[in-house]
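Q: Structure provided below as structure tokens; questions to follow.
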Amino acid sequence: QRFVVRLTDPSRAAAVRERLQRGAVGFDVYTSQDLADRASGTFVVISRFQRAIAWLALAAGSVFLVTLMVLKVEERRRELASLTLMGISRRTILTSLALESLVIALAGGALGALLGLLASSGINGYFQRYYQTALVFSRVSPGVVISAVTLALPLGVSAAAVAAWRLLTTRGLTRGAR
């Protein structure tokens, strides 16, 4: 059995708990904060597990992004070499590649955030109907959306930098024109 006692002065919760604990044989007395701390241990483990999965997904996505950018640059080698032969500087070409990747990364980050919002809405809808409750099971906060887009931008530019570095170190701009 559980009994809940609401105090008129919550700042006295510890003193009331001590007094009840002394007088109640065979009962345990907890403050609401004690119960919350005990119950949240499982959620801390789940939160750490989710964070580990997120970092793993981020690492895998980064490798995939770099691979795609390298393949995209390889595919455009002749076009980029032609631009070099027309007198356009390597710096201008690399800057355009970086801007292109920045736009793609921004669009990808925004699309990913939108997909996350839709998935969260679907998860909430399903479980709220299943359990017949108004509880929120999944939440995508504005901070998460901002973090996703903010993280997508440097990853996109870094992937383009790796692809451009590979292009420059293999003398790709001159070899592609032959």
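The values are calculated or read from the model by the stated rules, or taken from the named source; none is laboratory data. Note that the structure is a prediction, hence the values are computed from the model and not measured. All Cβ positions, even for glycine, are placed from backbone atoms using ideal geometry, and neighbour counts span all protein chains on display. We work out accessible area using only protein heavy atoms, side chains counted, and drop any ligands, DNA or RNA first. Shrake-Rupley method; radii C 1.70, N 1.55, O 1.52, S 1.80 Å.
Here is a yes/no grid of residues against (1) assigned to a helix (DSSP H, G or I); (2) polar (S, T, N, Q); (3) open to solvent by less than 50 Å² (accessible area, probe 1.4 Å):
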position: Arg12; (1), (2), (3): yes, no, no
position: Gln21; (1), (2), (3): yes, yes, no
position: Tyr30; (1), (2), (3): no, no, no
position: Gly41; (1), (2), (3): yes, no, yes
position: Ile46; (1), (2), (3): yes, no, no
position: Ser62; (1), (2), (3): yes, yes, yes
position: Thr67; (1), (2), (3): yes, yes, no
position: Glu74; (1), (2), (3): yes, no, no
position: Thr84; (1), (2), (3): yes, yes, yes
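Q: Right, something else. If you go through the stretch 116-155 one residue at a time, how many are more than 17 Å from Gln50 (Cβ to Cβ) and surrounded by fewer than 14 Cβ atoms within 10 Å (Cβ to Cβ)?
A: Result for the stretch 116-155: 16.
Q: Follow-up. Quick check, is Arg51 closer than 30 Å to Ser101 by Cβ, without any contact (Cβ under 8 Å) to a residue 24 or more places away in the chain, open to solvent by less than 90 Å² (accessible area, probe 1.4 Å) and of a type in the set (D, E, K, R)? Let's see the steps before the verdict.
A: On the way: closer than 30 Å to Ser101 by Cβ: yes; without any contact (Cβ under 8 Å) to a residue 24 or more places away in the chain: yes; open to solvent by less than 90 Å² (accessible area, probe 1.4 Å): no; of a type in the set (D, E, K, R): yes.
Spelling it out, it is not the case that Arg51 is closer than 30 Å to Ser101 by Cβ, without any contact (Cβ under 8 Å) to a residue 24 or more places away in the chain, open to solvent by less than 90 Å² (accessible area, probe 1.4 Å) and of a type in the set (D, E, K, R).
Q: Still on this structure, I have one more. Only residues in the stretch 152-178 that are outside any helix (DSSP H, G or I) count as the first member; pair them with residues that are modelled with pLDDT under 85 and open to solvent by less than 10 Å² (accessible area, probe 1.4 Å), Cβ under 7 angstrom, at least 6 apart or cross-chain, and list the lot.
A: Here the result reads Gly176/Leu80; Gly176/Ala81; Ala177/Ala81, each pair linking the stretch 152-178 to a residue that is modelled with pLDDT under 85 and open to solvent by less than 10 Å² (accessible area, probe 1.4 Å).
Q: As an exercise: evaluate Val4 against (1) closer than 30 Å to Ser138 by Cβ; (2) free of Cβ contacts under 8 Å to residues at least 12 places away in the same chain; (3) in a helix (DSSP H, G or I); (4) open to solvent by 80 Å² or more (accessible area, probe 1.4 Å) and give the number of the one condition it does not meet.
A: All conditions pass for Val4, except number (3).
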